[in-house]
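Working notes, beginning with the structure itself.
Every number here is computed from the coordinates shown, using simple stated rules; none is lab data. Please read all numbers here as calculations on a predicted model, not as lab measurements. Ideal geometry is used to build each Cβ from the backbone, glycine not excepted, and the neighbour counts take in all protein chains shown.
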Amino acid sequence: MKIIVAVTGASGANYALTLLKELKKQNVEVHLIVSEWAEKVLALETGKKISELKKLAHKTYSNDALASSISSSSFLVDGMIIIPASVKTVSEIIHAHTSNLITRCADNMLKTKKKLVIGFRETPISPGTIENLYKLSLFGAIIFPLSPGFYNKPKKISDLEAFIVGKAMDLLDIRNTTYARWAK
């Protein structure tokens, strides 16, 4: 399996870091794009450097690398996840503003009907953003609010991260056992 993982400047950098670690364990080929603001948020929220994220990917790209192979719709990939996805990124995708690599790749997923998972991590949400998320879902994107469940009785933050990462992997059709599934 080959996927694109994009990280934007929304809060929730740990979700991206935890997902990348799990994808590496599963031997998924990851093509990573990290926005400039994501680098700043990663450092602020986790104390980690971008080099630590890059070690978890097969190949990394700067967000302005529009001439790279993954910017083409002919790049063979199984899907893409943006985690966390900012309001700005959602707005740019829905309006087909493909001025950076993240939005260009997302646009490619929509036009080729490939899986696009939008790991949205903003709150509260304005009416305009709700409309943009709704339109993205109509166009085929999977809107994935980064809101962990509590039925698995999490004891620590890493349990909450594992829940989100497991759900993300489910959405990408990657088998995993990162969280306790609902069972009654």
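Collect the residues in segment 119-138 that are surrounded by fewer than 17 Cβ atoms within 10 Å (Cβ to Cβ) and small (G, A, S), keeping them in residue-number order.
S126, G128, S137
Determine which member of the set K135, K167, K184 is of a type in the set (D, E, K, R) and more than 24 Å from V90 (Cα to Cα).
K184
Could you grab me the full set of residues in segment 138-184 that are in a loop (DSSP other than H, G, I, E, B) and either touching a Lys or Arg at 6+ places or on another chain (Cβ under 7 Å) or of a type in the set (A, V, I, L, M) (or both)?
Once the filter is applied, which keeps residues that are in a loop (DSSP other than H, G, I, E, B) and either touching a Lys or Arg at 6+ places or on another chain (Cβ under 7 Å) or of a type in the set (A, V, I, L, M) (or both), segment 138-184 yields G140, A141, L146, L172, I174, A180, A183.
Tell me, yes or no, whether segment 6-23 has at least one residue that is farther than 18 Å from E161 by Cβ and touching a Leu at 6+ places or on another chain (Cβ under 7 Å).
No, that holds for no residue.
Looking only at segment 22-47, count every residue that is hydroxyl-bearing (S, T, Y), within 24 Å of F75 (Cα to Cα) and more than 15 Å from the chain's Cα centre (by Cα) and tell me the total.
Residues meeting the conditions: 0.
Can you name the residue in segment 74-83 that is touching a residue at least 12 places away in the same chain (Cβ under 8 Å) and in a loop (DSSP other than H, G, I, E, B) and, of all such residues, is nearest to E161 (Cα to Cα)?
Among those residues, the one meeting the criterion is D78.
Which members of segment 84-94 meet the condition of being touching a residue at least 24 places away in the same chain (Cβ under 8 Å), farther than 11 Å from A141 by Cβ and more than 12 Å from the chain's Cα centre (by Cα)?
We begin by selecting, within segment 84-94, every residue touching a residue at least 24 places away in the same chain (Cβ under 8 Å); these are 84-91, 93-94.
Within this subset, residues satisfying the condition of being farther than 11 Å from A141 by Cβ are 84, 86-89, 91.
Answer for segment 84-94, where residues must be touching a residue at least 24 places away in the same chain (Cβ under 8 Å), farther than 11 Å from A141 by Cβ and more than 12 Å from the chain's Cα centre (by Cα): V87, K88, S91.
Of the residues L20, L42, which is of a type outside the set (S, T, Y) and over 22 Å from V87 (Cβ atoms)? Don't jump to the end; show me each part of the working.
Values: L42 fails: over 22 Å from V87 (Cβ atoms).
The unique qualifying residue is L20.
Where the second residue is of a type outside the set (D, E, K, R) and outside any loop (DSSP other than H, G, I, E, B) and the first is without any contact (Cβ under 8 Å) to a residue 40 or more places away in the chain and lies in segment 168-184, which pairs have Cβ atoms under 7 Å and are six or more apart or on separate chains?
If the second residue must be of a type outside the set (D, E, K, R) and outside any loop (DSSP other than H, G, I, E, B), the pairs left are Y179/A162; Y179/F163; Y179/G166.
In segment 41-55, what residues are surrounded by 20 or more Cβ atoms within 10 Å (Cβ to Cβ) and either free of Cβ contacts under 8 Å to residues at least 40 places away in the same chain or under 17 Å from A168 (Cα atoms) (or both)? Outline the logic, then answer.
Our first condition is that a residue be surrounded by 20 or more Cβ atoms within 10 Å (Cβ to Cβ); within segment 41-55, this holds for 41-42, 53.
The answer is V41, L42.
A38: surrounded by 17 or more Cβ atoms within 10 Å (Cβ to Cβ), free of Cβ contacts under 8 Å to residues at least 60 places away in the same chain and under 20 Å from L171 (Cα atoms), yes or no?
No, not satisfied.
If a residue has to be over 24 Å from V77 (Cα atoms) and either among the aromatic types (F, W, Y) or crowded, with 16+ Cβ neighbours inside 10 Å (or both) to count, how many in segment 160-184 make the cut?
6
Hey, does segment 116-130 have a residue that's under 22 Å from L32 (Cβ atoms) and of a type in the set (S, T, Y)?
No, every residue in segment 116-130 fails to be under 22 Å from L32 (Cβ atoms) and of a type in the set (S, T, Y).
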